[in-house]
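Student: I'd like to ask some things about the structure below.
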Amino acid sequence: MVSATVVAGSAQAFLYVPTARLLSRIFDVILPARDVSALWLAAAELLALQLAGLLLVWWIQTAALKIGQEVLLELRLRCQRHLYLLPRDFHTAADAEELHVTMVYETNWIDHMNQALTSRLLPAVLSATVLFAILFATEPRYALLLGISAPLLFTANRLMVRNAWFRQERLRQAFEAFSRGVRFAITALDLTRSQAAEDWELARQTANAENLRRVSLDLAGFDALQQLLQTALLLSGTLAVLLAGGWAAAEGRATRGEIMAFYVIAALFATQSRTIVESVPAMRMGMRAFRRIAGLLATPDREPYSGTAVLDTLEELRLENVGFSYRPGHSVIEDVSLVVRRGETVAIIGANGGGKSTLLFLIAGYYAPLRGSMLVNGLPFSHWNPRGVRARMAIVPQNPFLFPGTVRENVAYGMAPVSDAAVWEALRQAGADFVSQLPETLDSLIGEQGALLSGGQRQRLVIARALLRQPDLLILDEPTNHLDDHGIEVLMESLRNLPFHPAVILISHEPRVLRHVSRALRLTGGRLS
């Protein structure tokens, strides 16, 4: 498709060759001979050439749009895929809003650059090259006058490029601040109201919006000034050529047909040159955006495991003398050994901040132990495809994520289409009977982070999401935070009676779960006992 676009652009450019010859023939041969029929025929040929050029322009623009959208789709999907290759510590340290702006705002500028490149810049460059060749063949001395514009344009662009990049970065930062502010205003609505800070927050967001407006106008004005300067240089060169051509005609050194063709071609050359100049801002913004996207895609960090073996069932998980720390000299997990087999329930208890969640991250393969080893079905974790291992697990984190949508969408997230009966069964196993009382049952909206539900209801929905997958290993991190004694009894009884008999790891600081497990271990100072 790209090569076809280049060919079409070349064809469009070379249509100017017969146009120039036809104009010269009309004024040097047909009009002096007063041949009306030949004039009509020549006019029809000119019209046909123009229509053919317009059709080529339409096809180039349509093809360029398709190419640009395909490139944009691939780029955005590559960024999405790359996010899942990056390790957890990258995402915990990253600025989520900056990543969001890079993947949305920057890729949008790359789309503008692609359209400018394929539908305007390349065809204009090809056309301007052919037109200059025609001018040079007609009158080399005058054509070279136009050539003087090129180094002047290049010099002007180089002198202004530093200011342009500075303004572009200011625009990106202003957009990021505005986007971050809007997101905060939406998610922190309850905080703002509870603090009676509506006017204060509105003033803050108004400042962000006003700064974005000011910076946008500054960049637009700078681009307009740059285009004005470059266009003035082009027009000056074109005017010099036209005056020189007129002088040559007056002295009899050029025929009327030659000078008329020269004038028309020179005017077309100026038009194509202006198109090149007008494409510069979009190209410049796109190149800056491309560098940021390339920087993200070039991030070398990867998930700690890259095995390829497919795990059918997870029958045993074994940790042997595992040690881990986020920073050198600050051990979080120290010499931990643990065996969990399918069908048993193990509790790991301990105070908050004692390393329980870190142990969960190690088991899930988000991090690799710095010391010791972790085995799945007797083979090193690194032997298995990590996503395949996680597919046989279900994890309910301490702070589970719920998104705006329905009960069904939240419970069945990440699953192939499942029946309502399967969703209802998972809800029953999680003790989420309240769903049947909601106005729209499974189609009831739950709000941002489940804001329309109570804490206990949110907890049960997330547990139902885990149970719907029928995992071989179920990990529950502080599952009793929002449950009373009766709720804990119901949940533990349900877990004992699950038909798919998973291994269950309960991570909790709550001693009340101990009477419901087959064995319990205490994590203290990073060690299990």
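Student: Kindly establish whether Ala464 is touching a strand residue (DSSP E or B) at 6+ places or on another chain (Cβ under 8 Å) and either part of a loop (DSSP other than H, G, I, E, B) or buried (at least 16 other Cβ atoms within 10 Å of the Cβ) (or both).
Tutor: no
Student: Only one of these conditions is not met by Gln449: (1) modelled with pLDDT of 85 or more; (2) within 19 Å of Ala412 (Cβ to Cβ). Which number is it?
Tutor: (1)
Student: Still on this structure: One residue is enough: does the range 180-196 have a residue meeting the conditions among the charged types (D, E, K, R), within 27 Å of the chain's Cα centre (by Cα) and at pLDDT below 85? Break it down into steps so the answer makes sense when it comes.
Tutor: Keep residues of the range 180-196 that are among the charged types (D, E, K, R), which gives 180, 183, 190, 193.
Retained after the next criterion (residues that are within 27 Å of the chain's Cα centre (by Cα)): 180, 183.
Still in the running and at pLDDT below 85: 180, 183.
Looking through the range 180-196, at least one residue is among the charged types (D, E, K, R), within 27 Å of the chain's Cα centre (by Cα) and at pLDDT below 85.
Student: For Met287, are the conditions met, namely being modelled with pLDDT of 80 or more and among the hydrophobic types (A, V, I, L, M, F, W, C)?
Tutor: For Met287, the condition - modelled with pLDDT of 80 or more and among the hydrophobic types (A, V, I, L, M, F, W, C) - is met.
Student: Every residue in the range 319-344 that is under 24 Å from Trp384 (Cβ atoms) and not in a strand (DSSP E or B), please.
Tutor: Residues satisfying the conditions are Arg342, Gly343, Glu344.
Student: Taking the condition of being in contact with a helix residue (DSSP H, G or I) (Cβ under 6 Å, 6 or more places away or on another chain) and either part of a helix (DSSP H, G or I) or exposed (fewer than 15 other Cβ atoms within 10 Å of the Cβ) (or both), how many residues in the range 297-318 meet it?
Tutor: 5
Student: Now a separate question. If the Cβ limit is 8 Å and pairs must be 6+ apart or interchain, which residue in the range 306-324 that is touching a residue at least 60 places away in the same chain (Cβ under 8 Å) pairs with which residue that is among the small types (Gly, Ala, Ser) and loosely packed, with under 12 Cβ neighbours inside 10 Å?
Tutor: Close Cβ pairs (under 8 Å, with a partner that is among the small types (Gly, Ala, Ser) and loosely packed, with under 12 Cβ neighbours inside 10 Å) amount to Glu316/Gly378; Arg318/Gly378.
So that you can scan it fast, the table gives a plain yes or no per residue for (1) assigned by TED's automatic domain parsing to the domain that holds Ala185; (2) more than 14 Å from the chain's Cα centre (by Cα); (3) among the β-branched types (Val, Ile, Thr); (4) in a helix (DSSP H, G or I):
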{"site": "Ala52", "(1), (2), (3), (4)": "no, yes, no, yes"}
{"site": "Trp58", "(1), (2), (3), (4)": "no, yes, no, yes"}
{"site": "Leu77", "(1), (2), (3), (4)": "yes, no, no, yes"}
{"site": "Phe90", "(1), (2), (3), (4)": "yes, yes, no, yes"}
{"site": "Thr102", "(1), (2), (3), (4)": "yes, no, yes, yes"}
{"site": "Tyr105", "(1), (2), (3), (4)": "yes, no, no, yes"}
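Student: If you don't mind, another one. Inspect all residues belonging to the range 492-512 and state whether any of them is within 23 Å of Gly355 (Cβ to Cβ) and among the acidic types (Asp, Glu). Reasoning before the result, please.
Tutor: Step one: filter the range 492-512 for residues within 23 Å of Gly355 (Cβ to Cβ), giving 503-512.
With the extra rule that they be among the acidic types (Asp, Glu), the set shrinks to 510.
The answer is yes; a qualifying residue exists.
Student: Please work out which residue is nearest to the chain's Cα centre (by Cα), limiting yourself to the range 135-169 and to residues that are crowded, with 17+ Cβ neighbours inside 10 Å and modelled with pLDDT of 75 or more.
Tutor: Gln168
Student: Taking the range 469-503, which residues are assigned to a strand (DSSP E or B) and farther than 11 Å from Ile348 by Cβ? Spell out how you get there, then give the answer.
Tutor: So in the range 469-503, the residues assigned to a strand (DSSP E or B) come out as 473-477, 503.
Listed by number, the residues that qualify are Leu473, Leu474, Ala503.
Student: Could you list, in sequence order, the residues of the range 39-48 that are more than 47 Å from the chain's Cα centre (by Cα) and at pLDDT below 80? Talk me through it step by step, then tell me what you get.
Tutor: So in the range 39-48, the residues more than 47 Å from the chain's Cα centre (by Cα) come out as 39-45.
Of everything in the range 39-48, those that are more than 47 Å from the chain's Cα centre (by Cα) and at pLDDT below 80 turn out to be Leu39, Ala42, Ala43.
Student: Moving on to the next point. Quickly run through the range 504-524 and pick out the residues that are assigned to a strand (DSSP E or B) and either of a type in the set (Ser, Thr, Tyr) or loosely packed, with under 13 Cβ neighbours inside 10 Å (or both).
Tutor: Initial filter on the range 504-524 (assigned to a strand (DSSP E or B)): 504-508, 519-524.
Those that are assigned to a strand (DSSP E or B) and either of a type in the set (Ser, Thr, Tyr) or loosely packed, with under 13 Cβ neighbours inside 10 Å (or both): Ser508, Arg519, Thr524.
The values are calculated or read from the model by the stated rules, or taken from the named source; none is laboratory data. Everything numeric here is computed off the predicted structure, so don't read it as measured data. As a convention, Cβ positions derive from the backbone with ideal geometry for all residues, glycine included, and neighbour counts pool all protein chains shown.
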